[in-house]
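*Asks:* Quick one: the structure is below, and I'll ask about it shortly.
The values are calculated or read from the model by the stated rules, or taken from the named source; none is laboratory data. Just so it is clear, the structure is predicted and the values come from calculations on it, not from any experiment. Cβ coordinates were reconstructed from backbone atoms using ideal geometry, including for glycine residues, and neighbour counts include every protein chain displayed. Note: accessible area is taken over every heavy atom of the protein model, side chains too, but ligands, DNA and RNA are not part of it. Shrake-Rupley method; radii C 1.70, N 1.55, O 1.52, S 1.80 Å.
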Amino acid sequence: MQQLQIRNLSKTYPNGVRALRGVDLTIGAGMFGLLGPNGAGKSTLMRTIATLQDPDGGSVRFGDIDVLTQKDRLRGVLGYLPQEFGLYPNLSAEAILDHFAVLKGLVDAKQRKAQVAALLEQTNLTAARKNAVGGYSGGMKQRLGIAIALLGRPQLVIVDEPTAGLDPTERHRFLNLLADIGEDVVVILSTHIVEDVRELCSQFAIIAAGEVKFSGAPAAVIDGLRGKIWRRVVARSELEDMQRKLRVISTRLVTGRPVIHVFHEGSPGPEFEAVEPDLEDVYFYHITGAAQGAASEAA
């Protein structure tokens with residue numbers, strides 16, 4: 001099975017923003033989650049892998065393909081669903097898929113018709129295949145987007161923030177669709193939604209401020225935080241003081257009162273209770289660490 005190998009990838013935009021800082025990743029077959037906040041560098045990395053922009057330095061290889069110098073070869077095995085994409089609103093899903101299938105090089109009309117029908121069935125759009133896509137819901141448009149990405153049976157599939165803005169029903173339908181793509185294909189799911197990665201990915205990476213903060217299996221990194229995450233309900237007036245004194249990794253309101261999660265090697269105090277860490281704690285632990293590092297660098 002082919003691997004995607006990314007080595008020392010860097011990118012700085014003309015405005016001075018360092019979007020990627022020496023990114024190293026090895027991604028094998030199956031679902032791989034790329035998790036990070038907005039502005040972390042995820043989309044820059046995805047566009048680079050998809051041959052839509054060049055880095056300042058580093059290398060990207062997919063099997064025997066040098067992605068940065070053999071862009072056409074990579075595009076022949078790539079399926080890409082960007083964060084934002086346009087569709088022809090007055091055309092049907094069937095017509096749009098047929099159009100993109102021709103662009104993908106599927107010139108045999110019989111084979112093209114069969115693949116379009118199979119993808120419409122796979123994405124649960126068969127009943128709406130004759131309808132103009134301008135009337136589709138957000139979730140239906142996303143499912144059509146992944147159908148377009150799967151044309152030509154790609155070996156590498158990239159989906160960038162696919163569930164942002166979807167209601168819970170459509171989100172789960174889309175995640176189930178991604179899970180069914182197949183184990184022999186490299187699928188990269190770029191998202192800032194922790195639940196997407198938790199539900200789908202056996203391997204993932206956290207990227208923040210253009211750097212990979214962690215890469216591996218969710219269970220392994222959760223084990224590393226066991227016994228170090230503490231919870232406490234605080235008054236709003238206490239929150240700023242807590243954030244100054246302790247490594248507060250997340251804050252949420254529960255019945256109107258702030259509940260904080262704190263990273264600490266031992267108990268931070270008698271009013272704190274130990275909690276079993278989950279992937280969200282892992283995410284916030286690395287993201288808050290990256291934010292503190294960026295603040296120190298700026299100072």
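*Asks:* Among what's in region 211-243 and is assigned to a strand (DSSP E or B) and more than 27 Å from Asn38 (Cα to Cα), pick the residue that is most open to solvent (accessible area, probe 1.4 Å).
*Replies:* Among those that are assigned to a strand (DSSP E or B) and more than 27 Å from Asn38 (Cα to Cα), it is Val233.
*Asks:* Could you list, ordered by first residue, the pairs with Cβ atoms under 9 Å in which the first is in region 38-55 and surrounded by fewer than 24 Cβ atoms within 10 Å (Cβ to Cβ) and the second is modelled with pLDDT under 95 and among the basic types (Lys, Arg), at least 6 apart or interchain?
*Replies:* Going by the 9 Å Cβ cut-off, the qualifying pairs are Ala50/Arg75; Thr51/Arg75; Gln53/Arg47.
*Asks:* Go through (1) within 21 Å of Gly152 (Cα to Cα); (2) open to solvent by less than 10 Å² (accessible area, probe 1.4 Å); (3) assigned to a loop (DSSP other than H, G, I, E, B) for Leu97 and report which single condition fails.
*Replies:* Here Leu97 meets the rest and fails (3).
*Asks:* Test of understanding: among Gln83, Gln142, Gln115, which residue is over 26 Å from the mean Cα position of the chain (by Cα) and of a type in the set (S, T, N, Q)?
*Replies:* It is Gln115.
Listed here are the residues, each with its yes/no results for (1) under 14 Å from the mean Cα position of the chain (by Cα); (2) surrounded by fewer than 20 Cβ atoms within 10 Å (Cβ to Cβ).
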{"site": "Leu125", "(1), (2)": "no, no"}
{"site": "Leu150", "(1), (2)": "no, no"}
{"site": "Arg153", "(1), (2)": "no, yes"}
{"site": "Asp167", "(1), (2)": "no, yes"}
{"site": "Arg173", "(1), (2)": "no, yes"}
{"site": "Glu183", "(1), (2)": "no, yes"}
{"site": "Leu189", "(1), (2)": "yes, no"}
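*Asks:* Please state which of the following conditions Val197 fails to meet, knowing it meets all the rest: (1) part of a strand (DSSP E or B); (2) open to solvent by less than 70 Å² (accessible area, probe 1.4 Å); (3) among the hydrophobic types (A, V, I, L, M, F, W, C).
*Replies:* Failed condition: (1).
*Asks:* Within region 258-280, can one find any residue that is open to solvent by 30 Å² or more (accessible area, probe 1.4 Å), touching a strand residue (DSSP E or B) at 6+ places or on another chain (Cβ under 6 Å), under 30 Å from Leu4 (Cβ atoms) and part of a strand (DSSP E or B)?
*Replies:* No, there is no match, as no residue in region 258-280 is open to solvent by 30 Å² or more (accessible area, probe 1.4 Å), touching a strand residue (DSSP E or B) at 6+ places or on another chain (Cβ under 6 Å), under 30 Å from Leu4 (Cβ atoms) and part of a strand (DSSP E or B).
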